[in-house]
Every structure is written in C-alpha cells, then in structure tokens.
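Written out below as structure tokens is the structure these notes cover.
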Amino acid sequence: MLDTNVIVSGLLWGGLPSLVFQAARDELFVAILTESLLSETINVLARDKFAEQLAARQINLESLAMQYRAAAEIVEPAEVPTGIVRDPKDVMILACAVGGKADFIVSGDKDLLTLVSYEQIPILTAEQFLDRLSNP
C-alpha cells in the first residue's frame, strides 16, 4: 500500500518514489487503496503549489484518478484506533493497509516510519520496498 506522499513524490519529482509508482503500474505488486485515500491524493495534488509541476508533466487530475482507481484494488478500511500516530490523516493509511491485508506500507512519512510496523505489516521507505521487490 502506497502512502499519498509516495504517490505525489513519484508523480511530481521522480526518484525512488517514481520507481515504486512505476512498479505498481507495471503490476509488479498489487496496490491497494480506499476511496478516502484516493480523494486525499487528488486533493493534495490539486493544491496551488503543485499546479506548475502538474502542468509541466501534463497530468490531468481527473484522468489520474481514473487510472489510479483502475490500477489499484479498492478495499474497505479497517477500524484503527486514533492516537497511534501523531497525524490523524496517517490513521487512513493504517486502516487501508489492515483492511486490504497489505504486505507492506510504503511511506516517506517519519511518523509512520518510526512505527516500523503496524499489525505485523512492515512500514518501509521507497528504497527498502524496492530492495525487497527486487530481492524477494
């Protein structure tokens, strides 16, 4: 399961998050997502500060939403207690991962990464995930 920050970074700035996003597109793993996370991703990308990057890459948000929904498995989020992480929005990530029985959470969020795992689901950086993907 990909955290919103990995998707945004991968789409707009490249680097390792871009390779993770491309691996999902290439169906090297099954990306999971909830409707609320899809909405959050689109809302984040719609911020004014990203307009120039989106235009430069000719990314249409409506098209992106349809492609992302088609490429990912939509799951029902699990109930996750609040207070586990500092940022309440991170609870959505954990709820998606547990609800979708994710093998990994890929994130660049320091609060999530400090958990190391949640409900026996490892929380990895893009680099750690790509390493595991290429060396199963």
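Values for this structure:
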| quantity | calculated |
| --- | --- |
| Only one of Val106, Val30, Val6 that is within 18 Å of Asp131 (Cα to Cα), surrounded by 14 or more Cβ atoms within 10 Å (Cβ to Cβ), of a type in the set (Val, Ile, Thr) and modelled with pLDDT under 95 | Val6 |
| Some residue of the range 38-49 being out of contact with any His (no Cβ under 7 Å at 6 or more places or on another chain) and modelled with pLDDT of 95 or more | no |
| Residue in the range 73-83 that is without any contact (Cβ under 8 Å) to a residue 40 or more places away in the chain and under 17 Å from Val30 (Cα atoms) present | no |
| Yes/no for Ile93 being modelled with pLDDT of 95 or more and under 19 Å from Leu28 (Cα atoms) | no |
| Total residues in the range 91-102, condition touching a residue at least 40 places away in the same chain (Cβ under 8 Å) and either β-branched (Val, Ile, Thr) or assigned to a helix (DSSP H, G or I) (or both) | 6 |
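So that you can scan it fast, the table gives a plain yes or no per residue for (1) surrounded by 15 or more Cβ atoms within 10 Å (Cβ to Cβ); (2) within 14 Å of the chain's Cα centre (by Cα):
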residue: Glu35; (1), (2): no, yes
residue: Ile42; (1), (2): yes, yes
residue: Ala55; (1), (2): no, no
residue: Leu61; (1), (2): no, no
residue: Arg69; (1), (2): no, yes
residue: Glu73; (1), (2): no, yes
residue: Pro81; (1), (2): no, no
residue: Asp90; (1), (2): yes, yes
residue: Leu94; (1), (2): yes, yes
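The values are calculated or read from the model by the stated rules, or taken from the named source; none is laboratory data. The model shown is predicted, which means the values in this text are computed figures rather than measured ones. Note that we place each Cβ from the backbone using ideal geometry, even for glycine, and neighbour counts take in every protein chain shown.
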